[in-house]
Amino acid sequence: MTSPAQQLQQEIEESGLMDSRPIEFYQELVDYGIESLEQFEDSYQGQYNNGADFAEQLCEDCGYLEESNLPMFIQSHIDWETVWSNELRFDYFAIKVGYAYEFFRNF
């Protein structure tokens, strides 16, 4: 009998959405409530070097930086790590993989 983590690993690897990861990665996903390929697809946000890079890209993707008309000299002084740690980490989580992190939306 396979565990939920092993089942998730099999589904994700067969889909080709992600390269092979250790079983601990999939167990952590299951611990966060991601137990199916569909949930994985709905929550996966991408791989980033750190929370700051994720926070900046998310704000860029949502159009917040364009809509605000903030000059670049102000945008370059935003503490993106604080945006991640004080605001976004409640709605998202990250799993360390090598030197980077895989980011997911919480359910």
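The values are calculated or read from the model by the stated rules, or taken from the named source; none is laboratory data. No experiment lies behind these values; they were computed from the predicted model shown. Counting neighbours? That spans all protein chains shown, and the Cβs are built from the backbone with ideal geometry, glycine included. These area figures cover heavy atoms from the full protein model, side chains too; ligands, DNA and RNA do not enter into them. Shrake-Rupley method; radii C 1.70, N 1.55, O 1.52, S 1.80 Å.
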Which of (1) surrounded by 12 or more Cβ atoms within 10 Å (Cβ to Cβ); (2) under 23 Å from Thr2 (Cα atoms); (3) without any contact (Cβ under 8 Å) to a residue 60 or more places away in the chain is the odd one out, the single condition Asp19 does not satisfy?
(1)
Number of the exception - Ser20 against (1) modelled with pLDDT under 95; (2) in contact with a strand residue (DSSP E or B) (Cβ under 9 Å, 6 or more places away or on another chain); (3) polar (S, T, N, Q)
(2)
Does any residue in the range 72-94 that is within 12 Å of Gly51 (Cβ to Cβ) and open to solvent by less than 80 Å² (accessible area, probe 1.4 Å) come within less than 9 Å, Cβ to Cβ, of a residue that is assigned to a loop (DSSP other than H, G, I, E, B) and among the aromatic types (Phe, Trp, Tyr) six or more places away or on a different chain, and which pairs are these?
Phe93/Tyr32
Mind listing just one residue for me: the one in the range 95-107 that is under 19 Å from Ser36 (Cβ atoms) and open to solvent by 60 Å² or more (accessible area, probe 1.4 Å) and, of those, farthest from the chain's Cα centre (by Cα)?
Phe107
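For Asp42, state whether it is open to solvent by 70 Å² or more (accessible area, probe 1.4 Å), in contact (Cβ under 8 Å) with a residue 60 or more places away in the chain and under 27 Å from Glu87 (Cβ atoms).
yes
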Can Gly51 be described as modelled with pLDDT under 95 and not aliphatic (A, V, I, L, M)?
no
